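These notes concern the structure reproduced below.
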Amino acid sequence: MTGLSELFHDLADEAKFYDVTEGALRGARRRRRARLAAAPVAVVSVAAVVVAGLTARADSRPGPGPQATPSVTASPARVLPEACVPQVLPLADGYTQGMVVGGDPTGRLLVGSLDVSRERTRSVIWADGKIQLLSPPGTEFGVTDINSSGTAVGNSLDGPQGKEVSVAWVLHDGQYTTLKGEAAQAYAINSHGVIVGNVKGKPAVWRSLTAEPQLLQTNAPAAAVYVGAAYDIDDDGYITGRVDTPRMSPALWRPDGTLDSLPDAVDLAAISNGWVLGTSRSGPARWNLRTRRMDPISQAGLTRINAQGWMAGIHSYKKVMLVAENEALQLPVPAGVPTEQAAMTFLSDDGLTLAGWYGGDPTGDEVVAVPVMWRCASASTTASR
Amino acid sequence: MLDDDDGFREFVRARLGPLSRVAYLLTGDHHGAEDLLQSALIKLAGRWKRLAAEGYPEAYLRKVLYHEHVSAWRSRARRPEVSILPLADRAAHTDEAADVVRRLVLRQALDKLTRKQRAVLVLRFFEDLSEADTAQALGCSVGTVKSQTSYALGRLRVVAPELAQLMEEKALR
């Protein structure tokens with residue numbers, strides 16, 4: 001196995017020099033102060049309150065649906081919500097950690113994984129805050145996305161021992177279906193049930209649950225072993241992803257699967273209603289696909305974008321931000337969660353539901369991850385009360 | 001306090017290169033590597049005075065780096081992170097392109113392992129540690145190291161048959 005050793009050394013050559021010495025010294029000082037100041041807070045009691053809060057809001061929600069979302073060109077100058085309340089989502093019995101990884105555009109359904117760090121990942125759906133455990137085939141890598149009809153997609157490793165292959169699964173009307181294609185992986189689903197991912201290392205789209213995968217156009221040489229993947233799909237069929245050969249580059253595909261391009265893009269993170277969030281040569285950026293206009297974004301670390309072009313992410317260390325045009329709102333941290341790490345993984349189309357997770361190792365004994373959702377009151381709702 | 005900090009800086013400066021490489025192999029991306037390294041060094045800095053006095057900060061750091069990686073969920077995002085800029089800026093010479101592809105295959109394959117399996121492979125095949133030393137770094141038994149190594153290699157062959165081929169080609173040269 002000397003070949004593996006050489007391969008590792010080749011791969012390690014890609015490493016940079018991560019000079020985090022001063023950051024570590026500051027972090028150690030912060031921890032020392034926090035340990036002296038803070039008393040432990042019971043996360044469990046917070047979780048118990050959450051279920052009641054979520055159930056209460058279910059009936060008063062406005063009707064969901066992609067048709068209700070405004071178009072890019074007529075994007076109204078809405079102001080950001082004023083008050084966002086964080087809630088810790090419940091875990092299932094016997095599990096100690098959870099993360100939200102995505103949700104449907106209305107924010108009613110969130111998907112995530114429990115106990116990721118314990119090598120027994122379990123996919124879940126939080127529907128109006130009520131947790132539902134999934135049982136897809138194989139050893140789970142986890143659920144990746146869900147649409148407003150409740151159709152979820154995810155990935156597993158399945159097959160006879162020693163001959164496992166990655167399989168992409170779909171949960172639709174309570175039934176699990178395995179997508180066609182060898183070594184398939186699914187990363188996103190749109191409101192029409194179109195799924196994107198890759199098949200044997202090549203970016204692909206499935207037009208329906210039972211369709212053969214259609215390979216997306218790339219400029220990769222025919223013999224390339226790994227080409228890339230499609231990671232997100234808009235409701236009109238536009239797809240974003242990444243191609244790793246012949247050069248690493250972001251990819252934008254038209255609904256028919258042919259390659260489109262955004263000049264100056266170096267990474268494309270997400271797509272929604274004709275808005276694309278990514279990174280340009282000059283930094284974080286948002287593109288409007290209809291006008292092809294690119295706007296620089298002053299906040300780094302934004303990871304999600306919604307139908308109105310609003311964005312959310314972790315700007316700077318641990319600051320969860322909701323950003324629209326020139327406005328930015330910092331979201332409150334729920335009480336009692338570890339805050340060494342944080343990730344923002346979901347933003348609803350109305351901008352009123354956000355989700356992600358916080359985590360850390362407060363005791364030095366075990367890492368914990370806590371799934372978190374924010375519900376915000378829009379400025380108009382607040383005013384009419 | 002200043003003396004403690006300076007001692008810590010000196011210790012880390014001398015090891016930052018190799019530590020960066022290990023962190024990158026464990027996480028597979030620059031953000032994750034930086035994050036992992038910082039988390040491990042925060043722990044080291046928090047106990048620096050005692051560890052420096054005892055004379056074994058190195059062993060502690062290795063243990064905490066691997067433990068942080070195995071028990072963490074930090075880079076487990078819905079979308080795997082791969083660095084874009086450094087490679088995209090390079091000219092795509094044929095030899096270089098082959099190298100790029102080979103590294104990509106390994107990176108993709110490593111992403112399909114559990115954290116513990118990945119850590120075992122890095123310790124055994126990159127750091128070149130014995131099974132006993134690997135067990136000590138991971139805080140597990142030698143038996144676990146053996147079984148995890150075997151399962152990880154088996155899984156690599158399954159998820160990346162082309163990698164097994166590359167390993168064989170290299171061995172033949």
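The values are calculated or read from the model by the stated rules, or taken from the named source; none is laboratory data. Predicted model only: the values in this text are computed from it and were never measured. Here the Cβ is made from the backbone with ideal geometry for all residues, glycine too, and neighbour counts use every protein chain on show.
So here's what we get for this one:
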{"quantity": "Flag for B:Gly55 being surrounded by fewer than 23 Cβ atoms within 10 Å (Cβ to Cβ), at the interface with chain A (Cβ under 9 Å from one of its Cβ atoms) and over 14 Å from the mean Cα position of the chain (by Cα)", "calculated": "no"}
{"quantity": "Pairs, first under 30 Å from A:Asp232 (Cβ atoms) in segment B:59-80, second at pLDDT below 50 and among the aliphatic types (A, V, I, L, M), C-beta under 8 Å, six or more apart", "calculated": "none"}
{"quantity": "Counted residues, segment A:162-187 - those being part of a strand (DSSP E or B), within 14 Å of chain B (Cβ to nearest Cβ) and over 25 Å from A:Pro246 (Cβ atoms)", "calculated": "4"}
{"quantity": "When residues of segment A:204-213 are limited to those that are within 20 Å of A:Ile271 (Cβ to Cβ) and not basic (Lys, Arg), the one surrounded by the most Cβ atoms within 10 Å (Cβ to Cβ)", "calculated": "A:Ala204"}
{"quantity": "Segment B:99-138, residues that are part of a helix (DSSP H, G or I), under 16 Å from B:Leu153 (Cα atoms) and among the charged types (D, E, K, R)", "calculated": "B:Arg107, B:Asp111, B:Arg115, B:Lys116, B:Arg118, B:Arg124, B:Glu131"}
{"quantity": "Residue ID - surrounded by the fewest Cβ atoms within 10 Å (Cβ to Cβ), chosen from residues in segment A:188-203 that are away from chain B (no Cβ under 14 Å) and not hydrophobic (A, V, I, L, M, F, W, C)", "calculated": "A:His192"}
{"quantity": "Close pairs from segment B:147-173: first facing chain A (nearest Cβ under 7 Å) and closer than 15 Å to A:Leu7 by Cβ, partner modelled with pLDDT under 60 and assigned to a helix (DSSP H, G or I), Cβ under 8 Å, at least 6 apart", "calculated": "B:Lys170/A:Thr2; B:Ala171/A:Thr2"}
{"quantity": "Odd one out for B:Arg78 among (1) crowded, with 21+ Cβ neighbours inside 10 Å; (2) modelled with pLDDT under 90; (3) at the interface with another protein chain (Cβ under 9 Å from one of its Cβ atoms); (4) part of a helix (DSSP H, G or I)", "calculated": "(4)"}
{"quantity": "Number of the exception - A:Thr279 against (1) under 22 Å from A:Thr345 (Cα atoms); (2) among the hydroxyl-bearing types (Ser, Thr, Tyr); (3) modelled with pLDDT of 95 or more", "calculated": "(3)"}
{"quantity": "Those strands (runs of 3 or more DSSP E) lying entirely in segment A:89-135 with at least 1 residues at the interface with chain B (Cβ under 10 Å from one of its Cβ atoms)", "calculated": "A:98-103, A:109-114"}
{"quantity": "Residues of segment A:310-333 satisfying the condition of being over 16 Å from the mean Cα position of the chain (by Cα) and not in a strand (DSSP E or B)", "calculated": "A:Ser316, A:Tyr317, A:Lys318, A:Glu325, A:Asn326, A:Leu331, A:Pro332, A:Val333"}
{"quantity": "Residue list for segment A:241-256, filter: closer than 17 Å to A:Trp206 by Cα, outside any strand (DSSP E or B) and within 14 Å of chain B (Cβ to nearest Cβ)", "calculated": "none"}
{"quantity": "Odd one out for A:Val370 among (1) of a type outside the set (S, T, N, Q); (2) in contact with a Pro (Cβ under 8 Å, 6 or more places away or on another chain); (3) modelled with pLDDT under 95; (4) not in a strand (DSSP E or B)", "calculated": "(4)"}
{"quantity": "Which numbered condition B:Ala72 misses (of (1) of a type in the set (A, V, I, L, M, F, W, C); (2) at pLDDT 90 or above; (3) closer than 29 Å to A:Val153 by Cα)", "calculated": "(2)"}
{"quantity": "Residue tally, condition without any contact (Cβ under 8 Å) to a residue 24 or more places away in the chain, surrounded by fewer than 23 Cβ atoms within 10 Å (Cβ to Cβ) and of a type outside the set (Lys, Arg), over segment A:136-165", "calculated": "7"}
